[in-house]
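These notes are about the structure you will find just below.
Derivation of every value follows stated rules applied to the coordinates shown; laboratory data play no part. From a predicted model like this one, the values you see are computed outputs, not experimental measurements. Backbone-built Cβ (ideal geometry, glycine too); neighbour counts: all protein chains shown.
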Amino acid sequence: MPFEFIKTSVDNVYIIRPKVFEDNRGYFMETFEKRSFSNLDFNVIQENQSYSRKGVLRGLHFQKGKFAQAKIVRVIKGEIFDVAVDIRPDSKTFKKYVSAILSDKNKEMLYIPRGFAHGFEVLSDEAIVVYLVDNFYSPENEGGIIWNDKDINIDWPIKEPILSKKDSSWPTLKQFLENERSEKR
C-alpha cells in the first residue's frame, strides 16, 4: 500500500504517511489514490492552495451544515504546525485537537473529517499548503473559531502570529455554538 494511516488521539483524524521512492534524481510519491483512501469518508471534488510567510496563522476555519468539508492537507514547500479541532458538541472528543508538523521534508499529510475546525501556523520562511476537499466552498456557510480560544488551549509555537482581520475576529467556540442555537430558535 502506498500510504500508512496513523491514528491520532481524536477519532477519524489521521496522519497519512506516503511511500516515497527516492534516488539520486530526486523522489516520486503518490499524493492521492482513491482506492487507498477508501477507508475514509472522502470524495475529492476540489483542490486549494495557499502561500504564506513565517508567522502567519490561518484559521481556525470550517464550513457549516451541508457545506461541511473533510480535508487532506499537505505542504509542498516549507513547514507548518497544522491543527484540527473537534467542534462536534456530541462527540466524546469535543474541543480536543490534534496537531502535526507537516513539511516538504516529511511529506506527511493530515486527514481532517467534517465537523472539525482547521488552522495552521507557518514555521518556515514561507510555505505552500495544498488542501484536497470533499465539498464546494460556500462563503455564506463559512465559520471560524478564534485561534487562541482558552477553552481549546492550542499550544501554538509562535505566540504572536500574523493574522488576517477576519481570523483575528472569529468568536470563541462557546460563542459560536450559542449563536447557532439562537439562530435555530
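What to note about this one:
- If you go through segment 101-111 and keep only what is in a strand (DSSP E or B) and in contact (Cβ under 8 Å) with a residue 60 or more places away in the chain, you end up with M109, L110, Y111.
- Residue check for F81: in contact with a Pro (Cβ under 6 Å, 6 or more places away or on another chain), more than 21 Å from G65 (Cα to Cα), outside any loop (DSSP other than H, G, I, E, B) and hydrophobic (A, V, I, L, M, F, W, C): yes
- The one condition in (1) crowded, with 21+ Cβ neighbours inside 10 Å; (2) more than 30 Å from P2 (Cα to Cα) that S169 fails to fulfil: (1)
- Output for segment 64-78, where each listed residue is part of a strand (DSSP E or B), buried (at least 20 other Cβ atoms within 10 Å of the Cβ) and of a type outside the set (A, V, I, L, M, F, W, C): K71, R74
- Search result, residues across segment 7-38 that are in contact with a strand residue (DSSP E or B) (Cβ under 7 Å, 6 or more places away or on another chain) and loosely packed, with under 12 Cβ neighbours inside 10 Å: K7, S9, F21, Y27, F28
Conditions tested, residue by residue: (1) in contact (Cβ under 8 Å) with a residue 60 or more places away in the chain; (2) over 16 Å from the mean Cα position of the chain (by Cα); (3) under 25 Å from P157 (Cα atoms).
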residue	(1), (2), (3)
E4	no, yes, no
G26	no, yes, no
S52	yes, no, yes
H61	yes, no, yes
D82	no, no, yes
K95	yes, no, yes
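- Test: residue in segment 112-131 that is in contact with a Leu (Cβ under 7 Å, 6 or more places away or on another chain), under 19 Å from I87 (Cβ atoms) and in a loop (DSSP other than H, G, I, E, B): no
- In segment 123-141, residue nearest to E79 (Cα to Cα) [restricted to those that are within 13 Å of the chain's Cα centre (by Cα) and aliphatic (A, V, I, L, M)]: V129
- Extreme residue, farthest from R88 (Cα to Cα), among residues of segment 24-63 that are polar (S, T, N, Q) and in a strand (DSSP E or B): S52
- Residue list for segment 45-63, restricted to those being hydrophobic (A, V, I, L, M, F, W, C) and surrounded by 14 or more Cβ atoms within 10 Å (Cβ to Cβ): V56, L57, L60, F62
- Single residue of K174, K96 found to be at negative phi and out of contact with any strand residue (DSSP E or B) (no Cβ under 8 Å at 6 or more places or on another chain): K174
- Condition met for I16 (farther than 20 Å from I80 by Cα and in contact (Cβ under 8 Å) with a residue 12 or more places away in the chain): no
- Residues (in contact (Cβ under 8 Å) with a residue 40 or more places away in the chain and small (G, A, S)) located in segment 154-181: S164
- Among the residues of segment 142-163, those that are surrounded by fewer than 16 Cβ atoms within 10 Å (Cβ to Cβ) and over 17 Å from the mean Cα position of the chain (by Cα) comprise K150, D151, I158, K159, E160.
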